[in-house]
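Undergrad: Sharing a structure with you now.
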């Protein structure tokens, strides 16, 4: 539906709807991939944070902790530039996209706030997962060998993220499911899901 509306709206609203349609497709693609690759990891998808217009794309309750995952689909080279002074910048296809990290940081703080008194021993991690655009030989734009990070938040492709979520750790499956239920209650499903 978003794609149909976007095609009919030539203005800024049309561009926003096209981006949302592309973003939603990337989120669905990652959700399906994680369900297949990480079957023992409890997941929440497309959750609404209280007092915020933004949503949290995915929350994974892995053995090594809770992961807040922001999903994105951009084409082009992904790089992290670290200036001599100031904070690191995320650049995608030559454009500054550091706002993605700033948004992720807010989402991580929301989840940490919920779990602070309930499970202070469980670490809360944040990461951005770049889903490859559709097409033959599509590439996420990330380096093949190393994992980039901005302000402590790693940038993964779907395969690296799945490997990270499947690592062994102290969070038991029963406790992960209990925390999933709490987070599901405190972070309701976003509208339209």
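The values are calculated or read from the model by the stated rules, or taken from the named source; none is laboratory data. Note that the structure is a prediction, hence the values are computed from the model and not measured. Because the Cβ atoms are built from the backbone with ideal geometry, glycine has one as well, and the counts that use them run over all protein chains shown.
Undergrad: Criterion first (in contact (Cβ under 8 Å) with a residue 40 or more places away in the chain and either surrounded by 14 or more Cβ atoms within 10 Å (Cβ to Cβ) or over 23 Å from residue 46 (Cβ atoms) (or both)) does residue 158 satisfy it? Quick ask: steps written out before the conclusion?
TA: On the way: in contact (Cβ under 8 Å) with a residue 40 or more places away in the chain: yes; either surrounded by 14 or more Cβ atoms within 10 Å (Cβ to Cβ) or over 23 Å from residue 46 (Cβ atoms) (or both): yes.
Taking the combined requirement at face value, the residue satisfies it.
Undergrad: Which ones in the range 120-151 are at pLDDT 85 or above and out of contact with any strand residue (DSSP E or B) (no Cβ under 8 Å at 6 or more places or on another chain)?
TA: 120, 121, 146, 151
Undergrad: Of all residues being over 21 Å from residue 175 (Cα atoms) and surrounded by 14 or more Cβ atoms within 10 Å (Cβ to Cβ) in the range 34-64, which is nearest to the chain's Cα centre (by Cα)? Just the residue, please.
TA: Restricting to residues being over 21 Å from residue 175 (Cα atoms) and surrounded by 14 or more Cβ atoms within 10 Å (Cβ to Cβ), the top hit is 57.
Undergrad: Picking from 177, 146, which residue would you name as being touching a residue at least 40 places away in the same chain (Cβ under 8 Å) and either over 14 Å from the mean Cα position of the chain (by Cα) or part of a strand (DSSP E or B) (or both)?
TA: Working: 146 fails: touching a residue at least 40 places away in the same chain (Cβ under 8 Å).
It is 177.
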